[in-house]
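Heads up, the thing below is written out as structure tokens.
The values are calculated or read from the model by the stated rules, or taken from the named source; none is laboratory data. The model shown is predicted, which means the values in this text are computed figures rather than measured ones. Cβ: placed from backbone, ideal geometry, glycine included. Neighbour counts: every protein chain shown. Side chains included, ligands, DNA and RNA excluded: accessible areas come from the protein's heavy atoms. Shrake-Rupley method; radii C 1.70, N 1.55, O 1.52, S 1.80 Å.
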Amino acid sequence: MAIEKERFLWMYRKMQEIRQFETRVVELFAGGNIPGFVHSYLGEEAVAVGTTANLKDTDYITSTHRGHGHLIAKGGRLNEMMAELYGKATGYCKGKGGSMHIADVDLGILGANGIVGGGFTIAAGAGLAASLQKKDDVTVCFFGDGASNQTTFHEGLNIASIWDLPVVFVCENNLYGISMSQERHQRIKDVSDRAVAYGIPGVSVDGNDVLAVHEAVGEAVKRARNGDGPSLVECKTYRHRGHFEGDPTVYRSDSEVKIWKDKDPIERFRKKLLEIDAVSETELDKLDQEVAQAVEEAVAFAQSGAFPKPEDAVVNVYTDMEEEVWS
Ligand SMILES: Cc1ncc(C[n+]2csc(CCOP(=O)(O)OP(=O)(O)O)c2C)c(N)n1
Ligand SMILES: [Mg+2]
């Protein structure tokens, strides 16, 4: 029970970190503090957290354009993340990447990715590396329903399946690719049906139930770690915000948004934890406050950092070379 409680609290904390970080990002973006594009992960927290709760530090993830939640769930540091969103030299990519290019290879975070479907073949490559090196590391590839129509989906799943690579493909089916509803962009209801084409297991779960995600991905991770190859896990979820900050969201109804907000993954998990007497309300409230403080610290860290110098524009772009390469 002690271990279970610790795990429950970790899951709750991580979901709160994502919720509060993203809520603050939305406000800061609206206030003109954050340049570029922001794709909010609000509402999808259970997918990232239920998934990474199965991973060890040396396991890998590939992420997407909507990546903040994945990075936080895999241990990404809020300070450097927020500074990166601000475009500051103190950020993860020294201010040159922004929201869609945050990576931390030491934490197994192989990168957010502005290219839809860009993660499939990177994940297969990471899986191949682990397999050749005889390591038991697993790679999770997060991707959206829209990305499941990309050619790289086929390439990644096919190569992973024929070589039994230790990769878990986690689909975040939030019912839309930008403004295009799933029923308009593909004939199937369950992206997990596509697993059949690769001869691998495919399941669909309630992506707003962190424990359901944890269990389904847990099975897939176990399989991958045992050398039994990849799986596809589809998590049905919904984004609370538009596709990007500034999206007028004319393509979806208020009633649809309400249905999904009523299935809020954090409220549901909190209620469940209290119902089963796993933790007390005081413990959860304290945790909420600690997270709020950490997020405010991240904002302060981001605001106090300097912007990169113009002459640094050509360093750390393609490699980690610190020296000026153009002289
Ligand atoms: C290769 C490529 N094509 C198109 C785009 C433009 N684009 C950005 S996000 C997106 C939709 C992605 O939908 P989905 O995979 O369902 O992810 P979600 O945004 O719903 O999380 C598109 C088409 C892109 N970034 N990359
Ligand atoms: Mg989508």
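General remarks:
- Residue 123 vs. criteria among the small types (Gly, Ala, Ser), within 16 Å of ligand 1 (Cβ to nearest atom) and either open to solvent by 40 Å² or more (accessible area, probe 1.4 Å) or in a helix (DSSP H, G or I) (or both): yes
Here's the yes/no breakdown for (1) open to solvent by 10 Å² or more (accessible area, probe 1.4 Å); (2) more than 20 Å from the chain's Cα centre (by Cα):
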residue: 175; (1), (2): yes, no
residue: 219; (1), (2): yes, no
residue: 225; (1), (2): yes, yes
residue: 232; (1), (2): no, no
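- When restricted to residues that are in contact with a Ser or Thr (Cβ under 7 Å, 6 or more places away or on another chain) and among the hydroxyl-bearing types (Ser, Thr, Tyr), the stretch 140-192 contains 2.
- Number of the condition not met by residue 204 [criteria: (1) open to solvent by 10 Å² or more (accessible area, probe 1.4 Å); (2) within 14 Å of ligand 2 (Cβ to nearest atom); (3) under 18 Å from the mean Cα position of the chain (by Cα)]: (2)
- Taking the stretch 2-55 as the range and being outside any helix (DSSP H, G or I), open to solvent by 20 Å² or more (accessible area, probe 1.4 Å) and either touching a Leu at 6+ places or on another chain (Cβ under 8 Å) or on the phi > 0 side of the Ramachandran plot (or both) as the test, the residues that pass are 32, 36.
- First in the stretch 144-163 and open to solvent by 50 Å² or more (accessible area, probe 1.4 Å), second anywhere and within 16 Å of ligand 2 (Cβ to nearest atom), Cβ under 7 Å, 6 or more apart: 149/185; 149/186; 150/116; 150/117; 155/120
- Test result for residue 180, under 13 Å from the mean Cα position of the chain (by Cα), open to solvent by 30 Å² or more (accessible area, probe 1.4 Å) and not aromatic (Phe, Trp, Tyr): no
- Residue list for the stretch 181-200, restricted to those being within 15 Å of ligand 2 (Cβ to nearest atom), in contact (Cβ under 8 Å) with a residue 40 or more places away in the chain and of a type in the set (A, V, I, L, M, F, W, C): 191
- Search result, residues across the stretch 144-156 that are assigned to a loop (DSSP other than H, G, I, E, B) and either among the hydrophobic types (A, V, I, L, M, F, W, C) or more than 9 Å from ligand 2 (Cβ to nearest atom) (or both): 150
- Among all positions in the stretch 20-29, there is no residue which is within 11 Å of the chain's Cα centre (by Cα) and at pLDDT 95 or above.
- Hits in the stretch 56-75 - residues which are of a type outside the set (D, E, K, R), open to solvent by 10 Å² or more (accessible area, probe 1.4 Å) and under 11 Å from residue 108 (Cβ atoms): 58, 60, 75
- Filtered residue count, the stretch 207-217, keeping only those that are open to solvent by less than 10 Å² (accessible area, probe 1.4 Å) and among the small types (Gly, Ala, Ser): 1
- Given (1) under 24 Å from residue 80 (Cα atoms); (2) open to solvent by 30 Å² or more (accessible area, probe 1.4 Å); (3) in contact (Cβ under 8 Å) with a residue 24 or more places away in the chain; (4) touching a Phe, Trp or Tyr at 6+ places or on another chain (Cβ under 8 Å), index of the condition residue 287 fails: (2)
- Of all residues in the stretch 131-143, those being away from ligand 2 (no atom under 16 Å from the Cβ) and buried (at least 24 other Cβ atoms within 10 Å of the Cβ) number 3.
- Against the numbered list (1) within 21 Å of the chain's Cα centre (by Cα); (2) outside any loop (DSSP other than H, G, I, E, B); (3) within 20 Å of residue 47 (Cβ to Cβ); (4) among the charged types (D, E, K, R), residue 241 comes up short only at (2).
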